[in-house]
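The values are calculated or read from the model by the stated rules, or taken from the named source; none is laboratory data. Values in this document were obtained by computation on a predicted structure and should not be read as measured data. Here the Cβ positions follow ideal geometry from the backbone for every residue, glycine too, while neighbour counts run over all protein chains shown.
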Amino acid sequence: MTQSNRKVNKMKHLKTLLTALTIAALLCAAGCALPTATNAPPTQTAASQTDIGPTQPTDQTTPASTAQASEDLIRIDFATEENLEGYEGFDEFVEAESGDRRAFFAQGYVRDFALIEIDYTEADGDFQFFESKVLYEQPMLLPVRPFVAETFWSETIPTHGIRFVDENGATRYFWLSESGENGKLFMVEFENHK
């Protein structure tokens, strides 16, 4: 690829990103939720993803549960070339260069998105998780631009999670893990006990 072609591709990417941000700002100013992306590529297999759906508005975090809803807000999958194909780019955070890469795909309005470290306390055999450190944050996670994190992901007690504000204004927390049995990625919503 010649240098002029790279410049043209960068300009196209910048134009698309600015257009998406402008649309998002206009929709937010008008009080509307962002539409879901219709041109986002589907993932390779449904078995390797977990979806997070909308909640009812609350003034606190939502109660702990596994995420199951009819409309998806964020999808997690392996950050492979195939899964990222069709996007003009992605935001990335690298905590450990030899770690595993996970991709987060917004399917709707997601703001104040953050990758977090989580910790826990144990009382009477119950684990209570809480956000202990923000590793990366951005104002919005857009359907046209996924987020990729490269780090070491725990298969037992969760050490990483995400936090975001959904379209109803509820702050939501999810811990992230990969099954030691079948390698599937999953997220579990938790109440932040900090």
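Residues that are modelled with pLDDT under 50 and not acidic (D, E) were ranked within the range 65-80; the one that is surrounded by the most Cβ atoms within 10 Å (Cβ to Cβ) is A67.
When G89, G99, G125 are checked against the criterion of being small (G, A, S), surrounded by fewer than 18 Cβ atoms within 10 Å (Cβ to Cβ) and in contact with a Phe, Trp or Tyr (Cβ under 8 Å, 6 or more places away or on another chain), a single residue qualifies: G99. Looking only at residues of the range 154-178 that are among the aliphatic types (A, V, I, L, M) and assigned to a loop (DSSP other than H, G, I, E, B), we find that the one that is surrounded by the fewest Cβ atoms within 10 Å (Cβ to Cβ) is I157. Restricting the range 128-153 to residues that are modelled with pLDDT of 95 or more and hydroxyl-bearing (S, T, Y), the residue that is surrounded by the most Cβ atoms within 10 Å (Cβ to Cβ) is Y136.
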